[in-house]
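Reading through the structure tokens given below for one structure.
The values are calculated or read from the model by the stated rules, or taken from the named source; none is laboratory data. For clarity, every value in this text was computed on a predicted model and none was experimentally measured. No Cβ is skipped: glycine too gets one built from the backbone with ideal geometry, and neighbour counts run over all protein chains shown. Just the protein is used for accessible areas: all its heavy atoms, side chains included, with ligands, DNA and RNA removed. Shrake-Rupley method; radii C 1.70, N 1.55, O 1.52, S 1.80 Å.
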Amino acid sequence: MARRIEIALKDHIRDPRGERIKREIEHFLHLPVERVRTIDVYTVDAELGYAELQQVAAGPFSDQVIQDWYLDTPAATGFDYLVEVGLRPGVTDNVGRTAREAVEYLTGRPFRAGEGVYTSVQYLLSGKLAPADVESISTGLLCNTLIQRYTILDAATFAANKGVSVSVPKVLGEIKTTVKEIDLEVSDQELMRISKEGVLALTLEEMRIIQSHFRDPQVVTARQSMGLGPRPTDVELEALAQTWSEHCKHKIFSGTVQYEDETGNRQEIKSLFKSFIQRTTKDVREKLGDRDFCLSVFKDNAGVIRFNDDWSLVFKVETHNSPSALDPYGGALTGIVGVNRDPFGTGQGAKLIFNTDVFCFADPFYDKPLPSRLLHPRRIYEGVVEGVEHGGNKSGIPTVNGSLVFDERFAGKPLVFCGTAGIMPATINGRPSHEKHIEPGDLIVMTGGRIGKDGIHGATFSSEELNENSPVSAVQIGDPITQKRMFDFLIRARDKGLYNFITDNGAGGLSSSIGEMAGECGGCRMDLAKAPLKYAGLNPWEILISEAQERMSLAVPPAKIGEFSEMARRFGVEVSVLGEFTDSGYFHILYGERTVAYLPVAFMHEGLPPMQLPARWTPPRHEEPRIQIQDDYTAELTQLLASLNICSKESVVRRYDHEVQGGSVVKPFTGAANDGPSDAAVVRPILDSFEGVVVAHGICPRYSDIDTYHMTANAIDEGLRNYVAAGGSLDMVAGLDNFCWCDPVLSEKTPDGDYKMAQLVRSNQALYDVCMAYNLPLISGKDSMKNDFYDGEVKISIPPTLLFSVIGRIEDARKAVTMDVKSPGDIVYLLGKTDNELGASEYLALRGFVGNRIPVVNTAMAYKRYSAYHEAVVAGLVASCHDLSDGGLAVAAAESAFAGSYGMDLDLSRVLWKGDESGRNDVTLLFSESASRHLVTVRPEHRAAFEAIMAGNCFAAIGVVTDGPVLAINGLGGGTVIKASLDALKDAWQRPLRDL
Amino acid sequence: MARARAIVITGNGTNCEIEAAHACRLGGFDEAVIAHISDLLSGDLRLDDFHFLNLTGGFLDGDDLGSAKAQANRLKYARVDELSEHLIDQLLRFIQAGKPILGVCNGFQLMVKMGLLPGFDGNHLQQVATLTFNDCGRFQDRWVYLKNNPASPSIFTRGIEKGVYLPIRHGEGKFVAASQEVMERIEAGNLAVLKYSGPGYGEPTMEFPENPNGSDHAIAGICDESGLLMGLMPHPEAFVHRTNHPRWTREVLPEEGDGLILFRNAAEYVRSKLL
């Protein structure tokens, strides 16, 4: 019989968790609540004696200094309503898993099959609340009903029932496993019904390709020899759906595009990926010649570049948007621990050295109605921030760089970008570490977590728009500790050469990982009955495609499996041998003795013809606002500093450990009070060396409202100029592209698909042009193409977004530069010219306009200037440097000044101008977001040397750092157009998100 | 000549092992071995063969039952494969041999929850204090000024003039004593080695963010009466070089970071007393 152990804080101990919930109830739901206390509940469903239960309750489950425990008796007292929230059956219960291990250590007996510990939390609410209030607190704040269940009891019912009754959220599935055959000899309509209802996300054309494959007489004969009939099994259909999903196959990026520009010129593009992304890297590498530093690009889970003779760097950035929309906490947690497996599963395996994250949300203070399926942006914000906090911190990987971007359209789908870099010895056991191979006969080995029904159809569901019926099962909850244990083990197995090949189990589960590995050596034979399950009752197709987390797939030579398994046992990591790799040409899947899938590897990987995609570019025209010339812009600057895209994100950043592993050099916050926003991060991955890794990013989705070509050019430039600002070298720097688009496929649902596709083409054109000019090879990337919400009535499409991440090297991290001004008397330089480029700027957004004059990147001038600036950095001549982006010069100057706690006197008449004089005025000089500019300060004694190095580039001394705590900017008319105390500016900048 | 050997235990969520080992080497240890807990449980490594034990930071078992609770339970009950003893026997032997132990962050939580600290009267298995959720309710990564108690018996903080500046990175760092008597005894014995203070290392403070978690008596770190066992929430291993400092680009700082002195003192103690 299951028993309840409840753990309550002693009366005099503060309950910060309860206090936080109280604040959130007041703040967001505006309900009167006097007090919230919390109680932890463990439901122990295992054969334990009474004394053992007492020992467990008093020992590992409670802290006697601050808590009391209750066995079989309720702990709750003194409340008006009690809400108990626990997980639904089958949802990963990390605390329950740890609790179970603790019991096993204590008793010395392992749990038997079916036994377990389940956790839940009680919230005791006091206050004048109506039942409906408690219901809305429960569903609006305490419980995500998708993955959790809740019980509400008022005090009287609680007393009458003598507490909350015991319930065990065990999965009770049917034990009988079945394999269905699907009849594809049906009408087109019926084919589409099969695809839609099965969440296969296959188009009619794809269904027909599958249909004709199974008609092929040779296929029929081959199948007969394996005991299979002419109809595909559900296992086969699901395997194809995963392999061919947009998520895994990138059909849009590999499709054939018919592009027509605004002048009617037509162009056929065969695969955007090959024509632009792959070509960029190929051409840049050729241009670099001997200086090429790429080691492995596009073919593995992450890109690999050279760091120095002894070490190689690995980097990957992923998105986890759709799961985060449904379950922000679990989705984002899985996002970060999921992307960790990419560098870990690259080459022979890399040690992880930092995370990056960029989130795009709607306004957390949004107060208009939302379509029913959408969670409020504030819940998404809270959940995502916490999910990545737990995933990153618990994995012991510092989160060193990131940003938060806001736009109302991200209410349709939030974007959750998570990146991870790793480092590995350049050679391991005599082989280059970025290479790996599979020999036929190698064993198929899975390590880590067990398989459950979690994450079924993740790959296919994220290949569709979010809708009313998006499946619950697609959501998983990650477990950083299980993964960490596995990594601790695998890195040692790597160094002992115990495996030949390693890859991640992510989207599509075993179907994708083993499918891809089978592609490496030409086939596999795998028995799904050997896969370890979380609970009985999974059908073979579910085992094959489950995206249950914390799993890696490996190829282990038979001679080494003994040592591999023994080491895994000692590290507490589960290992299962599922079959072997072959060169049969077949993806051969069994369940016990019975063949359940028999697909030619070639058909899986090359059976799909390219999609045909129309694209037509018509440049949008927006209303051009009249620029209002005023005497003073202090109020505008203050408002800009308080806008969501510019304001301080410190309340979020401080929740992320950005220093673990000991190599932190430039942290997210810097300056006199450790609160100025850094442009880039610098990390020393090898602690006894001063060589540093520099990482930065650029993202500017607002610019897509005018032209995605320039959105892309500006994002790349922003990434590189942030990188350069901190001291990154141009000799070894690479880029990663993450495209998040709204559906660009013309259809009934998406009548403007050809425009969105044209936006994608233009973005890719810029990617090639700018990366070529900047010598930036693309080493990895990802696309997420269906970031829309559609419930049949309301459609919300995100603005097309490119996150451009930049990673490279600084020869000596002790030369790194931060953005805070350093001392009074230092000369302030603005590098680069300013133009009338307010289009899609934060300044116009503040006034409710988009405008048209988008910043245009001049790559040739910028690259030359960046190189000269880097020379000045190496020579130790730069005191501070801050990049100009959102909000232009005024915002950058304010940030540098208040970060350094010194004022600045600037003169706009000395700012270099390009283009038409008619657009030159105080507004454009202050707030234009012209690209490629840096605000630099230099000590007076370094003036001559700095100017000598910068000679031949566009730069101008525009003012001086002052002792007084005031930012003062003179306008073209000679009068002061901005004058504000640093405290006031900083307060405006810090206030908006300070308390979130 | 005998070698000074430090050991850093990792596994199940420990995160700071590499920089802790690095700090041990910089501090003067000839060897700093990163040992996975399975190396100890299998009997391949024994604590007896080392002079200085580091219980370092991380999220042991995800802090799922409260920080470090599950590891405290594991160390208490886990058996060593090859030897007929529990790991706790090795640990108590280590203490009896007069060898120093430093617990940082999660390691401090572990020491307090096992009862290793404050370890009154040499009873190292009786929990009399705890570390619980920060008053602000959130994990925090920020730098703090720690006022040193020069009268403390801690061997780790010898020679610190006023205090040290180090980062904290935790969600459960609020020090709470089980009773007023316990707190009085900690104070009377000068066992509260480091306290959160302001930039001048003046009076201890209860104000956020200088005191980032609301610790009673502003306690950031304590030691036992012997001074050989010490734990602290801030991370000394995270500040061993000036480039770790958040303001190194604007201040004139010595090459060596404030945290290194703890490891240097441990190494000197080992050399003078144990080799």
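Residue A:635 is checked against (1) without any contact (Cβ under 8 Å) to a residue 60 or more places away in the chain; (2) within 14 Å of another protein chain (Cβ to nearest Cβ); (3) out of contact with any helix residue (DSSP H, G or I) (no Cβ under 9 Å at 6 or more places or on another chain) and fails just one. What number does that condition carry?
Among (1) without any contact (Cβ under 8 Å) to a residue 60 or more places away in the chain; (2) within 14 Å of another protein chain (Cβ to nearest Cβ); (3) out of contact with any helix residue (DSSP H, G or I) (no Cβ under 9 Å at 6 or more places or on another chain), residue A:635 violates only (2).
From B:30, B:61, which residue is at the interface with chain A (Cβ under 10 Å from one of its Cβ atoms) and of a type outside the set (Ser, Thr, Tyr)?
B:61
If you scan the range A:536-575, which residues turn out to be farther than 23 Å from residue A:509 by Cβ, in a helix (DSSP H, G or I) and not charged (D, E, K, R)?
A:558, A:559, A:562, A:567
Out of the range A:703-720, which residues are open to solvent by 10 Å² or more (accessible area, probe 1.4 Å) and either more than 22 Å from residue A:621 (Cα to Cα) or of a type in the set (A, V, I, L, M, F, W, C) (or both)?
Within the range A:703-720, A:706, A:718 qualify.
If you take the residues in the range A:684-699 that are under 20 Å from the mean Cα position of the chain (by Cα) and open to solvent by 10 Å² or more (accessible area, probe 1.4 Å), which one is nearest to residue A:307 (Cα to Cα)?
Within the range A:684-699, the match that is nearest to residue A:307 (Cα to Cα) is A:697.
Where in the range A:1-112 are the helices (runs of 4 or more DSSP H), entirely inside, with at least 3 residues that are among the β-branched types (Val, Ile, Thr) and in contact with a helix residue (DSSP H, G or I) (Cβ under 9 Å, 6 or more places away or on another chain)?
Per the criteria, A:94-107.
Search the range A:564-603 for residues being under 17 Å from residue A:532 (Cβ atoms) and small (Gly, Ala, Ser), and hand back the single one that is nearest to the other protein chains (Cβ to nearest Cβ).
The qualifying residue nearest to the other protein chains (Cβ to nearest Cβ) is A:572.
Name the residues in the range A:748-770 that are out of contact with any strand residue (DSSP E or B) (no Cβ under 9 Å at 6 or more places or on another chain) and aromatic (Phe, Trp, Tyr), would you?
A:768
What are the residues in the range B:151-162 that are over 16 Å from the mean Cα position of the chain (by Cα) and either among the aliphatic types (A, V, I, L, M) or buried (at least 18 other Cβ atoms within 10 Å of the Cβ) (or both), if any?
B:151, B:160 - these are the residues of the range B:151-162 that are over 16 Å from the mean Cα position of the chain (by Cα) and either among the aliphatic types (A, V, I, L, M) or buried (at least 18 other Cβ atoms within 10 Å of the Cβ) (or both).
When you look at residue A:651, is it within 14 Å of another protein chain (Cβ to nearest Cβ), of a type in the set (S, T, N, Q) and within 28 Å of the chain's Cα centre (by Cα), yes or no?
When the stated conditions are applied, residue A:651 passes them.
When you check residue A:947 against the structure, is it open to solvent by 10 Å² or more (accessible area, probe 1.4 Å) and touching a Phe, Trp or Tyr at 6+ places or on another chain (Cβ under 9 Å), yes or no?
yes
Name the one entry in A:677, A:614, A:668 that is closer than 28 Å to residue A:853 by Cα, in contact with a helix residue (DSSP H, G or I) (Cβ under 7 Å, 6 or more places away or on another chain) and within 14 Å of another protein chain (Cβ to nearest Cβ).
The conditions single out A:677.
So is residue B:138 within 14 Å of chain A (Cβ to nearest Cβ) and either part of a helix (DSSP H, G or I) or open to solvent by 10 Å² or more (accessible area, probe 1.4 Å) (or both) or not?
Against the criterion (within 14 Å of chain A (Cβ to nearest Cβ) and either part of a helix (DSSP H, G or I) or open to solvent by 10 Å² or more (accessible area, probe 1.4 Å) (or both)), residue B:138 qualifies.
Among the residues of the range A:405-422, write down those that are assigned to a strand (DSSP E or B) and open to solvent by 10 Å² or more (accessible area, probe 1.4 Å).
Within the range A:405-422, A:405, A:406 qualify.
Can you find a residue that is in a helix (DSSP H, G or I), open to solvent by less than 20 Å² (accessible area, probe 1.4 Å), among the small types (Gly, Ala, Ser) and touching a residue at least 12 places away in the same chain (Cβ under 8 Å) anywhere in the range A:517-535?
yes
Within the range A:605-621, how many residues are small (Gly, Ala, Ser) and within 30 Å of the chain's Cα centre (by Cα)?
Counting residues in the range A:605-621 that are small (Gly, Ala, Ser) and within 30 Å of the chain's Cα centre (by Cα) gives 1.
Take residue B:49 and decide whether it is open to solvent by 10 Å² or more (accessible area, probe 1.4 Å), of a type in the set (Asp, Glu) and either within 12 Å of chain A (Cβ to nearest Cβ) or under 20 Å from residue B:115 (Cβ atoms) (or both).
In short, no.
For the range A:230-316, list the strands (runs of 3 or more DSSP E) that sit wholly inside it and hold at least 2 residues that are more than 14 Å from residue A:777 (Cβ to Cβ) and touching a residue at least 24 places away in the same chain (Cβ under 8 Å); which are they?
Qualifying strands (runs of 3 or more DSSP E): A:256-260, A:266-270.
Quick one: which residue in A:570, A:551 is free of Cβ contacts under 8 Å to residues at least 40 places away in the same chain and within 24 Å of residue A:110 (Cα to Cα)?
Just a single option satisfies the conditions, and that option is A:570.
Taking the range B:110-128 as the region of interest, how many residues are at the interface with another protein chain (Cβ under 10 Å from one of its Cβ atoms) and touching a residue at least 60 places away in the same chain (Cβ under 8 Å)?
1
Looking at A:107, A:98, A:92, A:77, which one is open to solvent by less than 50 Å² (accessible area, probe 1.4 Å), over 39 Å from the mean Cα position of the chain (by Cα) and either touching a residue at least 40 places away in the same chain (Cβ under 8 Å) or more than 14 Å from chain B (Cβ to nearest Cβ) (or both)?
None of the other options fit; the residue is A:107.
Looking at A:357, A:363, which one is surrounded by 24 or more Cβ atoms within 10 Å (Cβ to Cβ) and either more than 14 Å from chain B (Cβ to nearest Cβ) or part of a strand (DSSP E or B) (or both)?
Of A:357, A:363, the one residue that is surrounded by 24 or more Cβ atoms within 10 Å (Cβ to Cβ) and either more than 14 Å from chain B (Cβ to nearest Cβ) or part of a strand (DSSP E or B) (or both) is A:357.
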